[in-house]
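A.B. asks: This is the structure I want to talk about, given as structure tokens.
The values are calculated or read from the model by the stated rules, or taken from the named source; none is laboratory data. Keep in mind that what you see is a predicted model, and the values were worked out from it rather than measured. Glycine also receives a Cβ, built like all others from the backbone with ideal geometry; neighbour counts cover every protein chain displayed. Heads up: the accessible areas ignore ligands, DNA and RNA and are worked out on the full protein's heavy atoms, side chains in. Shrake-Rupley method; radii C 1.70, N 1.55, O 1.52, S 1.80 Å.
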Amino acid sequence: MEKIWFIVGMIPEGTVTSYGKVADLAGLPGRARYVSKALKSAPQEMNLPWFRVINSQGRISFKEHSQPYQEQMELLRLEGVKVNLGKIKLQDYEWQPDIATLVLVIPF
């Protein structure tokens with residue numbers, strides 16, 4: 001779980017990435033659901049930017065109009081991410097770490 005938390009903590013403000021990409025970067029390909037579980041179990045004092053993680057279709061994964069859905073949408077909007085009916089244009093906001101980040105910053 002620590003690897004997942006590390007990757008999520010790296011996602012820059014104003015960008016998003018998918019559960020699957022977090023899993024890949026953490027060395028856990030195909031474990032997108034595990035990323036969701038890890039985020040739910042993260043200690044609150046870590047202040048992880050969980051809201052920057054969305055599904056691979058560019059959508060908020062929470063049930064529409066639920067409290068977590070509304071909270072995620074609002075937090076993303078506060079960072080300048082345009083959210084339209086729970087959808088984010090990945091071509092505009094997806095985090096693409098460069099090779100230097102992948103090689104020099106990620107310690108695993």
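A.B. asks: Ignoring ligands, DNA and RNA, please state the percent of accessible area on the range 6-108 from carbon and sulfur, probe 1.4 Å.
C.D. replies: Numbers: 3330 of 6280 Å².
Carbon and sulfur together cover 53 percent of it.
A.B. asks: Okay, moving on. For the pair residue 44/residue 1, report the inter-label distance in nm, with labels modelled 7 Å from Cα in the Cβ direction.
C.D. replies: Placing both labels 7 Å beyond Cα along the Cβ direction yields 1.6 nm.
A.B. asks: At 1.4 Å probe radius, can you tell me the per residue accessible area of the chain in Å²?
C.D. replies: 61 Å²
A.B. asks: Scan the range 22-69 for trypsin sites (Lys or Arg not before Pro) in coil per DSSP, keeping those whose Cβ has at most 14 other Cβ atoms within 10 Å, and list them by number.
C.D. replies: Working: sites: 31, 33, 37, 40, 52, 59, 63; in loops: 31, 63.
Those satisfying the criteria are 63.
A.B. asks: Counting pairs of alpha carbon atoms under 8 Å apart in space and at least six apart in sequence, what relative contact order in percent does the chain give?
C.D. replies: Reported relative contact order: 29 percent.
A.B. asks: If I stretch the segment between residue 108 and residue 85 completely, what's the gain in nm (0.36 nm per residue apart, minus their alpha carbon distance), one decimal?
C.D. replies: Residue separation times 0.36 nm, minus the Cα-Cα distance, leaves 4.6 nm.
A.B. asks: Just flag the GluC sites (Glu not before Pro) in the range 5-108 sitting in loop per DSSP whose Cβ has no more than 13 other Cβ atoms within 10 Å.
C.D. replies: Here the GluC sites (Glu not before Pro) that fit, given the DSSP loop and packing criteria, are 13, 64.
A.B. asks: Here's another thing I want to ask about it. Cut-off under 18 Å on the C-alpha distance; same-chain residues fewer than 8 positions from residue 82 excluded. Which aspartates and glutamates are left, in chain and number order?
C.D. replies: Of all the aspartates and glutamates, those that pass the test against residue 82 - Cα under 18 Å, at least 8 places apart if same chain - are 13, 64, 71, 74, 92, 94.
A.B. asks: Taking a point 7 angstrom from the Cα of residue 37 along the C-beta vector, which residues in the range 50-77 have backbone N less than 11 Å away?
C.D. replies: none
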